[in-house]
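**Student:** Input: one structure, supplied below.
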Amino acid sequence: MADERRRVSSRRAEYERRHKQKMRRLRNRTIIIVAVLLVVVLFFWLVVSAFKGCTSGCSKDKPQISTAPVAATQPSTENKKKTATADEFPTSKSLTFDAPNIEDDGSDGVMDGSLYVWNKSAFELFYGNDELAATYADLMNTAANKLGSDIKLYSMIVPNHTEMGLPARLKNTENGANTLSQADYIRSAYNGMNSSVQPVNVYNALSSHCNEYIYFHSDHHWTGLGAYYSYAAFMEQIGKTPLDLETCEGDVIDGFTGSFLKLVTSGVSEDSVEYWKFPYDAPMTITSSSGEKANYDSPYCSYAEGGDYTYSVFIYGDNPLTVIKSSSDNADDEKILVVHESYGNALIPYLTNNFSEVYAVDFRDWTGSIKDFCEENDITNVLFLNGVMSSATTVQVDSMKGIL
């Protein structure tokens, strides 16, 4: 009993340590967001000032933005063909992006600090453009050149809640959220990647489930369900059978108070974090920045509680290096490395259904060479998984370049 109490106490102490680490990252993220917003506000002020000084020869026509509801569409299957070689990879020209048909009660939202609040959800605005998309595409092309033809390279850019939860009438309108199209940005980024990079289109999977609980109301992350739909789309694209959630045991933690609640004064709902325990063993090893290793029976933190850090239920939060081994009958002998930030945390565990070993490096903390790491561990698949905000943030892209 004494040993068990010490073990539980040790794990709780580790969980609290990771919570404090998460708080520091959220504080840094807030500083970056505020800095970017100040730059954007200054830019728009300069543009508005320039227009005010125009002579009669300046055009004053504004682009017409339709506020009509988006017609419901079925997710495209063009991007789901099974692939085996780089020559068969789908390109951006073969990918389609189906607009989400978001349920709309007709109510108005409000800007609250740097966020837009509507229907008790907070939304992070997006300002990515073609130039930033080209920068991210160049990163992927560089990664492909570094890794070589023996490694399959995949790129998954995940749209955020603003794209999938805010009605079209409230996007980029005078009285709504001044946010840009993430579909256009993702398409532009994928279009700039060469044939050695396989783009993973999870946009349609999320669009077709946009009215389900796939993003949190009070936090910038997606839910375990949103991550699952994207994982399933990835597996279908590469010819593997996705995990069946019917075979898993679901669990839920209530009272998640996400990062947005610290940034807004308007009413935003608290959240619940749902996850699924697999019908097979998936032991996990985490390596800290100091090189210390910690072993766990599962990729899910059963000690997670409601509060600021409930998202840490997924792979115990942000870690430089995470390794999960699988006993799933569906897992083949292939190994996969996921290069990610916190968006990847919720998706990574599902990969154990299809790969015998899953490696994950958080590029913000891990140091090393991806190519050397793959060679040392016989890894033949690499997935860059990033939320759309990270892919369009220069600091994040530079961090990824550092491990190539």
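**Student:** Of the residues ASP398, ASP372, ASP378, ASP362, which single one is at pLDDT 95 or above and in contact with an Asp or Glu (Cβ under 7 Å, 6 or more places away or on another chain)?
**Tutor:** None of the others qualify; the one that does is ASP362.
**Student:** Six or more apart or on different chains, Cβ under 8 Å: which pairs go from a residue in the range 121-142 that's in contact (Cβ under 8 Å) with a residue 40 or more places away in the chain to one that's acidic (Asp, Glu) and assigned to a helix (DSSP H, G or I)? Could you list them?
**Tutor:** Close Cβ pairs satisfying both conditions: PHE126/GLU163.
**Student:** Still on this structure, I have one more. Within the range 238-297, which residues are β-branched (Val, Ile, Thr), open to solvent by 30 Å² or more (accessible area, probe 1.4 Å) and more than 21 Å from the chain's Cα centre (by Cα)?
**Tutor:** THR241, THR247, THR265, THR285
**Student:** Also, I was wondering about something else. Given the structure, is PRO199 in contact with a helix residue (DSSP H, G or I) (Cβ under 9 Å, 6 or more places away or on another chain), open to solvent by less than 30 Å² (accessible area, probe 1.4 Å) and either within 26 Å of CYS374 (Cβ to Cβ) or of a type in the set (Val, Ile, Thr) (or both)?
**Tutor:** yes
**Student:** Something else now. Tally the residues that are over 21 Å from LYS325 (Cα atoms) and open to solvent by 50 Å² or more (accessible area, probe 1.4 Å), restricting the search to the range 298-311.
**Tutor:** Result for the range 298-311: 2.
**Student:** Still on this structure: Filter the range 172-215 for residues that are charged (D, E, K, R) and under 15 Å from GLY128 (Cα atoms) and give the result.
**Tutor:** ASP184, ARG187, listed by residue number.
**Student:** Let me ask you something else. If you scan the range 214-232, which residues turn out to be open to solvent by 10 Å² or more (accessible area, probe 1.4 Å) and more than 15 Å from the chain's Cα centre (by Cα)?
**Tutor:** Within the range 214-232, just HIS217 meets the criteria.
**Student:** Go through (1) more than 30 Å from ILE238 (Cβ to Cβ); (2) in contact with a Gly (Cβ under 6 Å, 6 or more places away or on another chain) and name the single condition ASP105 misses.
**Tutor:** Single failed check for ASP105: (2).
**Student:** Could you pull out every one of the strands (runs of 3 or more DSSP E) wholly within the range 330-404 that has 1 or more residues that are touching a residue at least 24 places away in the same chain (Cβ under 8 Å), basic (Lys, Arg) and open to solvent by 10 Å² or more (accessible area, probe 1.4 Å)?
**Tutor:** Here the list reads 332-340.
**Student:** Moving on to the next point. Between a residue in the range 94-115 that is farther than 22 Å from ASN178 by Cβ and any residue that is in a loop (DSSP other than H, G, I, E, B) and open to solvent by 60 Å² or more (accessible area, probe 1.4 Å), which pairs come within a Cβ distance under 6 Å, given they are 6 or more apart or on different chains?
**Tutor:** Qualifying pairs under 6 Å: ASP98/THR73; ASN101/ALA72; GLU103/ASN211.
The values are calculated or read from the model by the stated rules, or taken from the named source; none is laboratory data. Values in this document were obtained by computation on a predicted structure and should not be read as measured data. Ideal geometry is used to build each Cβ from the backbone, glycine not excepted, and the neighbour counts take in all protein chains shown. Surface accessibility is based on the protein's heavy atoms, side chains included, excluding ligands, DNA and RNA. Shrake-Rupley method; radii C 1.70, N 1.55, O 1.52, S 1.80 Å.
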